[in-house]
Amino acid sequence: MGRDLGPDCRLCRREGEKLFLKGTRCYTHKCAVARREYAPGQHGLKKGKLSNFGIQMREKQKIKRIYGVLETQFRNYFLKATAIKGVTGHVLLQYLERRLDSVLFNAGFAKSRTDGRQIVSHNHVSVNGRRVNIASYLVKPNDIVEIKTDAKTTAQLKNNVETTKERKVPAWLEADGANLKIKVVRMPVREDVSFAVNEQLVVELYSR
């Protein structure tokens with residue numbers, strides 16, 4: 001599928017908050033949101049009042065950009081969430097959190113979800129002993145995710161673990177940074193989502 005190849009920092013500025021799409025850069029003075037707290041483009045400084053539809057649309061765009069998925073895939077996750085028993089918004093976030101690139105990011109093995117996607121696509125990751133190179137692969141409880149690669153890349157990944165060690169690993173994962181292994185303890189729940197999002201706005205948008 002296609003990908004958004006534009007500058008990540010513009011996406012954060014458009015949403016008016018840090019989405020941590022650039023990894024460690026987002027924690028420094030170089031962060032674009034910290035330097036220019038307005039939307040990109042010639043009309044960025046003009047702040048108009050959003051309608052209810054506009055508020056819902058902005059929240060959907062924010063969640064899509066956080067997890068790095070495009071419209072068709074995001075809508076498919078939503079349709080799957082509506083078909084499962086439970087709170088639709090919570091199930092939607094559960095699907096997004098279970099993606100393999102998100103798992104690597106949450107465990108601290110990747111500096112960003114984009115970084116996690118690259119690690120997966122370069123065939124460095126195995127799940128239960130089998131190589132997986134699809135970033136959208138959904139993990140399940142008791143899965144063992146392991147990174148198997150050359151010494152140079154292993155050193156880079158361990159450096160990622162060191163630089164992200166202050167980031168809390170969610171309770172549904174057990175991360176072994178020394179051996180680059182992750183165990184999926186259980187399914188993620190709403191409280192495990194580390195970003196401030198309002199998934200109910202997305203449900204209302206798609207329910208129009």
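What follows draws every value from the coordinates through simple rules; no lab data is involved. Everything numeric in this text was worked out from a predicted model, so none of it was measured. Cβ coordinates were reconstructed from backbone atoms using ideal geometry, including for glycine residues, and neighbour counts include every protein chain displayed.
With the simple spin-label model, which puts each label point 7 Å out from Cα in the Cβ direction, the Ala196 to Ala83 separation comes to 3.6 nm.
R0 = 45 Å: FRET efficiency of Leu50 with Val132, Cβ-based, nearest 0.05? So the FRET efficiency works out to roughly 0.70.
The simple spin-label model puts a point 7 Å past each Cα toward its Cβ; for Lys181 and Ser207 those points are separated by 4.4 nm. Projecting the alpha carbon convex hull of segment 99-187 along each direction and taking the average yields 4.8 nm².
Exposure proxy shown here: for Glu204, Glu199, the number of other Cβ atoms within 10 Å sets the order, fewest to most, as Glu204, Glu199.
Quick one: dipole size for segment 99-187, taken about the Cα centre, charges +1 on Lys/Arg Cβ and -1 on Asp/Glu Cβ, in debye to the nearest 20.
Values: 16 positive and 9 negative charges, 30 e Å.
Taking the Cα centre of segment 99-187 as origin, the dipole is about 140 debye.
Normalised by the number of residues in segment 93-208, the average gap of Cα pairs under 8 Å and 6 or more apart makes the relative contact order 28 percent.
Please arrange Thr154, Thr164 by how many other C-beta atoms lie within 10 Å of their C-beta, fewest to most. Intermediate results must be reported in sequence, preceding the final value.
Numbers: Thr154 14, Thr164 20.
The fewest-first ordering by Cβ neighbours comes to Thr154, Thr164.
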